[in-house]
Amino acid sequence: MKILRQDFDLEFFFRRLRASPVRVLMLDYDGTLAPFRVNPAEAAPYPGVVPLLDRIMEAGHTRLIIVSGRWTRSLMPLLGLRQQPEVWGSHGWERLQPNGEYDVVRIKQPALDALVSADDWIDQIESLGGRCERKPGSLAFHWRGLDSGRVADIRQQIFQNWQELGLGRDLVWHDFDGGIELRAIGRDKGDVVRSIADEAGAAAVLGYLGDDVTDEHAFKAVPSGGVSILVRPQFRTTAADAWLRPPEEMLEFLTRWHETASTA
């Protein structure tokens, strides 16, 4: 692990974690707990992730939360955990509780209308080799696995459509690793972190691990005393406190979290 901020002390963080009465561990999925795949349905967790998360959940010392851009219904079959964790999907537009209770944030009508308009692009983008994914509050266009020429064609077509329809009034354009997502204005992963921090209270110690630019809002929202960690093979500019490479360094961090919390 490489520390990125001079004022962040990892050892002090773990001492605070051990002493805290409330611990919250928030984990992105794709690129963090699981490697990217051309077919997202094949993106199973890295070896060792599932048994380690099972141990953390069964120990009861940590509130474990998956915070993903995925639709919860496409994510749940991949997790394979013995207990159902809390999951915030679609960048915070939906929330699935461990008891099965499910909530989705109401999307404003202009944003819904804009997403319906963008639906008309699907056949066009798929004819160029792209893959389209509808989710609560967004529409994602994927090009992972395609050559650079096809990627450029898809990106140009989406941008042209975006400009012609003027959807920027109600949707936000988000680049992510492997595509573009058009998302209703009003929710992001930073909102998720702030909601969880409010629920957990001032005494809680929070950690957030993520890989993509969509996780930057979350990194910035982690309260003082917590930790935000960029998880990816290659470094990029980030607001996170530290950077580690998956899967070995990520597993080492999660193991230390579990062992530290278990000895409290």
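Quick rundown of the values:
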{"quantity": "For segment 157-171, Karplus couplings with θ = phi - 60° (6.51, -1.76, 1.60), whole Hz, Gly/Pro x", "calculated": "5, 4, 5, 4, 4, 4, 5, 5, 8, x, 6, x, 5, 10, 10"}
{"quantity": "Once the Cα gyration tensor of segment 17-107 is diagonalised, semi-axes √(5λ) in Å", "calculated": "21, 18, 11"}
{"quantity": "The chain: most fluctuating residue of Asp241, Asp147, Asp198 per GNM, C-alpha cutoff 10 Å", "calculated": "Asp147"}
{"quantity": "Asp113-Thr255 pseudo-label distance in nm [points 7 Å out on the Cα-to-Cβ vector]", "calculated": "5.6"}
{"quantity": "Heavy-atom accessible surface of segment 58-174: percent carbon and sulfur, 1.4 Å", "calculated": "48"}
{"quantity": "Rounded, prolate or oblate (a/c below 1.5 giving rounded, otherwise prolate when a/b exceeds b/c) for segment 175-257 by Cα gyration tensor", "calculated": "oblate"}
{"quantity": "Given charges at beta-carbon only (K, R positive; D, E negative), |dipole| of segment 46-92 in Debye", "calculated": "100"}
{"quantity": "Long-range amide H partners of Ala34 with built H, under 5 Å", "calculated": "Tyr46"}
{"quantity": "Per residue accessible area of the chain, 1.4 Å probe, in Å²", "calculated": "46"}
{"quantity": "Near-label residues of segment 219-239 by backbone N, under 20 Å of a point 7 Å along Cα→Cβ of Ala19", "calculated": "223-228"}
{"quantity": "Arg70 long-range amide H proximity, modeled H, under 5 Å", "calculated": "Ser90, His91"}
{"quantity": "Given charges at beta-carbon only (K, R positive; D, E negative), |dipole| of segment 55-122 in Debye", "calculated": "300"}
{"quantity": "Derived scalar couplings ³J(HN,Hα) [segment 221-231; Karplus, 6.51 cos²θ - 1.76 cosθ + 1.60; whole Hz; x for Gly, Pro]", "calculated": "8, 5, x, 4, x, x, 9, 10, 10, 7, 10"}
{"quantity": "Selection from Leu251, Ala239, Ser262, by position along the positive dipole direction of segment 208-264 (Cβ)", "calculated": "Ala239"}
{"quantity": "FRET efficiency estimate (nearest 0.05) - Cβ-Cβ, Phe12 to Val104, R0 45 angstrom", "calculated": "0.70"}
{"quantity": "Net charge of neighbours whose Cβ lies under 10 Å from the Cβ of Val222, counting Lys and Arg as +1 and Asp and Glu as -1", "calculated": "+1"}
{"quantity": "Peptide ranges 52-58, 184-190 listed from the most packed, as the mean C-beta count within 10 angstrom indicates", "calculated": "184-190, 52-58"}
{"quantity": "Counted charge near Phe159, where neighbours are those whose Cβ lies closer than 14 Å (Asp, Glu -1; Lys, Arg +1)", "calculated": "-3"}
{"quantity": "FRET efficiency for Glu58 and Phe235, using Cβ-Cβ distance with R0 set to 45 Å, rounded to 0.05", "calculated": "0.85"}
{"quantity": "Cα-centre dipole for the chain with unit charges at Cβ (Lys and Arg positive, Asp and Glu negative), debye to 20", "calculated": "520"}
{"quantity": "In Hz, Karplus ³J(HN,Hα) per residue of segment 122-132 (6.51, -1.76, 1.60; θ = phi - 60°; x = Gly, Pro)", "calculated": "4, 4, 4, 5, 5, 5, 8, x, x, 10, 10"}
{"quantity": "Amide H partners (placed H, <5 Å) of Gly137, local residues excluded", "calculated": "none"}
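The values are calculated or read from the model by the stated rules, or taken from the named source; none is laboratory data. Just so you know, these numbers come straight off a predicted model, no measurement behind them. Virtual Cβ from ideal backbone geometry, glycine too; neighbours counted across all protein chains shown. What goes into the accessible areas is simple: the full protein's heavy atoms, side chains included, and nothing from ligands, DNA or RNA. Shrake-Rupley method; radii C 1.70, N 1.55, O 1.52, S 1.80 Å.
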